[in-house]
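Peer 1: The structure that follows is given in the form of structure tokens.
Derivation of every value follows stated rules applied to the coordinates shown; laboratory data play no part. These numbers come from a predicted model, not from an experiment. Quick reminder, even Gly has a Cβ in these numbers, built from the backbone with ideal geometry, and neighbours come from all protein chains shown.
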Amino acid sequence: MIITEKENERLPYLRDKTSRLTTKPGCYIMKNKDLKIIYIGKAKNLKNRVSSYFRPWQDHLPKVWKMVSNVYDYDFIVTDSEFEALVLECSLIKQYTPKYNILLKDDKGYSYIRVTNEPYPRLQAVLQKYDDGARYIGPYTSSYAVKQAVEEANRVFMLPTCTRKFPQDIRKQRPCLNYHIKQCMGVCTGKISDKEYNEIVSQAIDYIKNGSEQSVERMTEEMYKAAEAMNFELAARLRDRIAAITKASESQKIIDEHIKNCDIAAIAQNGENACASIIMYRGGRLFDKASFFLGDTDDQDKMYSDFLIQYYSSKDDIPHDILLETDFSERDLVAKYLSDKSSHTVRLAVPQRGQLLKLTALAKSNAAEYLSIKVGRTSREIIALEELAKALGLPKTPKYIECYDISNLASADMVAGMVVFENGRPCKKNYKRFSIKTVEEQNDYACMAEVLERRFRNYFEKTDEGFSTLPDLILLDGGNGHVNAVAPVLERMGIDCPLFGLVKDSKHRTRAVATGGGEISLTKARSAFNLVTSIQDEVHRYAITYQAKKHKKTSFGLQLTKIRGIGEKKAQKLITEFKTKDNLKQASAEELAKCAGISPDAAKELEELIKEL
């Protein structure tokens, strides 16, 4: 979005002031008409950075555009280095809390693990403590960690999570699916005594409190004692439980003895919104999680830098290691700031494989889930769009995607379909169909170029509301040839929009994305691949359905021309007037004669032919 004097009449003054600004590092302080501070930023070169806000041609993200449109004046503070500017920026933001800076507020509360007071107790994660006779473990500062720990313990020890009451409901119904897939021990079968069940619950609580290694050690001692006492049935049950814990510890992300103190950070974006999540490990256990709504999206580098600085500026406990799901340009600068603040070395790393990579995916998933609540989209849709933007090197997450496909039968009935996906979902009200007008012989490249030119001519002429939105991404069902045929059209019309083709394999399945000069594989970005495949399948369905409908209509029109006195134009007039074959069959000879302008005898012959078709 380009800022003009219409949005901010102070732009000439601001540009003139900036032209005399120093090129040294420092902080700039943006103010509105009431001279209230609305944004604080840092710069390696004050003149270059501040100038970028007020250039006539500068294309801003929506958040920056809103901020710049409200700038009345600005101050600046010169520093000796970019690092000093970073420290000063952090201090000023904490002091003034400007509207357009990231200001973090999380959803903190206390949580408990509830062990119900009944013959067959259940483990539950709850937010409040009641005087109900149940046993409560806690409080814990993280509801997320409590919920994850309870779910893990219930799964590992196969505790029931259904709504049945025991012992009342024992043997009254058949076991549920969880029993058959070995996710529940099957108390309802009557094979588990209350004493044995309570021992298992005690082991589950011990597992939650002390972790898998200590639990396995204690249970191994019990197993050996049972074996020595010739109680082989108990020893076998303990052996199976140890095996279950060991297996679970290989995949679960709640307890990991090898990760002592570490934070994992990730940011999820959707359109103009962004959320961040921090997952904290302390002493080898998932200790806490915090999620923050960052508001309008900004440049990715700046979002990561601002978020990490703001989050840790108020923290006394900064771990030695912080894992990130993606890199950003100011990583070393932020690491230096955090190291100075905590008085120990802080390492910012981007894992590429193994368990640590899984943890960054977990943080990303949490950020996406938190954002999905805000924007009304699923976390899967949010992650798919982010993966697609990253794979294609897009400047922002594509909120509005258009995809085109050509369909024909040789040189007959050539058509095109345009489908729209908004925020990862089909937006069918904006779908469009095109009949090819300027291409007479089969030429998919020329047809695609015609369709895109007509689409953006409508955009400039504003003749159709469905064409009024400029897409964030254009996809063409075809390879490099289609991209190369359309790119000059967009350039000539002044349309600056990412353009890619969708390449299929011999079985007509999505294989890769064409750039015009090569291909990009999406095999490692599974969510993005699934999204692109669904878009390609949808545009193909839409285009081929329209082509079949048009061909059927054309074939019917050709049948009508068999009647003496009816040519292509009169046949088309009849089809246009009556719209459907059923309407034509119900029309009288007089109505047909009046519409087509033919004799009564020809109309009678036409009426009989239509009834036979």
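Peer 1: Kindly provide the chymotrypsin sites (Phe, Trp or Tyr not before Pro) of the range 53-107 that DSSP labels as loop, not H, G, I, E or B, and whose Cβ sees at most 16 other Cβ atoms within 10 Å.
Peer 2: On the way: sites: Tyr53, Phe54, Trp57, Trp65, Tyr72, Tyr74, Phe76, Phe83, Tyr96, Tyr100; in loops: Trp57, Tyr72, Tyr100.
The qualifying sites are Trp57.
Peer 1: Put a dot 7 Å past each Cα toward the Cβ at Lys374 and His180; how far apart are the dots in nm?
Peer 2: 4.3 nm
Peer 1: For the residue pair Tyr130 and Glu9, what label-to-label distance in nm results when each label sits 7 Å from Cα along the Cα-to-beta-carbon direction?
Peer 2: Result for the modelled spin labels: 6.2 nm.
Peer 1: Sort the range 392-551 into rounded, prolate or oblate with this rule: let a ≥ b ≥ c be the square roots of the eigenvalues of the Cα gyration tensor; rounded if a/c is under 1.5, and if a/c is not under 1.5, prolate when a/b is larger than b/c, oblate otherwise.
Peer 2: Cα axes put the range 392-551 in the rounded bin.
Peer 1: Provide the gained length on full extension for the span Thr161 to Tyr96, in nm with one decimal, where the gain is 0.36 nm per separating residue minus the Cα-Cα distance.
Peer 2: Full extension from Thr161 to Tyr96 adds 18.5 nm.
Peer 1: Follow-up question, since we're still on this one. Mind checking the angle between helix 379-392 and the chain's longest principal axis? C-alpha axes, 0 to 90 degrees, to the nearest 10.
Peer 2: It is inclined by approximately 70 degrees.
Peer 1: Still on this structure, I have one more. If you fit an axis through the alpha-carbon atoms of helix 212-228 and take the longest principal axis of the Cα set of the chain, what angle between them do you get, 0 to 90°, nearest 10?
Peer 2: 60 degrees
Peer 1: What distance in nm separates the simple spin-label points at Gln572 and Glu84, each placed 7 Å from Cα in the Cβ direction?
Peer 2: Each label point is offset 7 Å from its Cα along the Cβ direction, giving 7.7 nm.
Peer 1: Let me ask something else. Relative to the longest principal axis of the chain, what angle (0 to 90°, nearest 10) does the C-alpha long axis of helix 194-210 take?
Peer 2: It works out to around 80 degrees.
Peer 1: How would you classify the chain from its alpha-carbon gyration tensor, with a ≥ b ≥ c the square roots of the eigenvalues: rounded for a/c under 1.5, else prolate if a/b is greater than b/c, otherwise oblate? Before the final figure, lay out the partial values.
Peer 2: Details: a/c = 2.79, a/b = 1.35, b/c = 2.06.
In terms of gyration-tensor shape, oblate.
Peer 1: Please arrange Asp299, Asp496 by counting, for each residue, the other beta carbons lying within 10 Å of its beta carbon, fewest first. Don't jump to the answer; show the numbers that get you there.
Peer 2: Values: Asp299 16, Asp496 9.
Sorted ascending by nearby Cβ count, the order is Asp496, Asp299.
Peer 1: Which of the lysines could a cross-linker span from Lys17 if the Cα-Cα distance has to be under 26 Å and same-chain partners fewer than 8 positions apart are dropped?
Peer 2: By straight Cα distance, Lys17 reaches Lys6, Lys31, Lys33, Lys36, Lys42, Lys44, Lys47, Lys63, Lys66, Lys99, Lys302.
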